[in-house]
1. How many of the residues making up segment 85-100 are modelled with pLDDT under 80 and either buried (at least 19 other Cβ atoms within 10 Å of the Cβ) or under 14 Å from residue 8 (Cβ atoms) (or both)?
2. Could you list all residues from segment 76-124 that are closer than 17 Å to residue 27 by Cα and touching a residue at least 12 places away in the same chain (Cβ under 8 Å)?
3. What residue, of 103, 80, is over 19 Å from residue 1 (Cβ atoms), crowded, with 19+ Cβ neighbours inside 10 Å and either within 13 Å of the chain's Cα centre (by Cα) or not acidic (Asp, Glu) (or both)?
Amino acid sequence: MAKILIVEDDIDLNLAYRIILERESHTIESVYNGNEALERLDSFNPDLILLDLLMPMKNGVEFLEEYNIAEAPNPAKVVVFTNLENSDEINEAFKLGAYKCIVKSWTAPQGLVKVINDTLKSRR
């Protein structure tokens with residue numbers, strides 16, 4: 001299936017997303033902040049990045065500024081997964097190339113799978 005990078009600082013949520021998406025036969029790498037995500041991109045070229053916005057060290061917006069989707073040779077689709085609603089951070093993420101934003105507290109696991117699979121289909 002697809003290669004997905006999970007960027008989520010909450011250890012339990014990171015593990016839960018990993019388990020859910022591995023059940024869909026995706027190859028998953030997971031990290032806990034934007035710095036780790038940028039480092040991981042040196043060796044892992046994901047089809048999709050599931051990105052939290054509020055993280056220590058380097059948040060999601062800072063990650064997107066450095067990842068620079070517009071300049072990346074083979075950019076991943078970025079799905080922002082956050083508990084922020086209608087925030088400046090979400091608007092900035094879209095300006096920086098995020099494909100979709102979903103609210104964690106409003107999304108059941110099967111909803112996450114559907115959003116991820118639909119996003120991956122749109123990549124082709």
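The values are calculated or read from the model by the stated rules, or taken from the named source; none is laboratory data. Just so it is clear, the structure is predicted and the values come from calculations on it, not from any experiment. Backbone-built Cβ (ideal geometry, glycine too); neighbour counts: all protein chains shown.
1. Number satisfying all stated conditions: 0.
2. Kept after step one, since they are closer than 17 Å to residue 27 by Cα, are these residues of segment 76-124: 76-79, 112-121, 123.
Across segment 76-124, the qualifying residues are 76, 77, 78, 79, 112, 113, 115, 116, 117, 119, 120, 123.
3. Values: 103 fails: crowded, with 19+ Cβ neighbours inside 10 Å.
From the options 103, 80, the qualifying one is 80.
A quick yes/no check of all residues on (1) out of contact with any Gly (no Cβ under 7 Å at 6 or more places or on another chain); (2) under 24 Å from residue 19 (Cβ atoms):
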residue	(1), (2)
44	yes, yes
52	no, yes
61	yes, no
67	yes, no
93	no, no
106	yes, yes
113	yes, yes
117	yes, yes
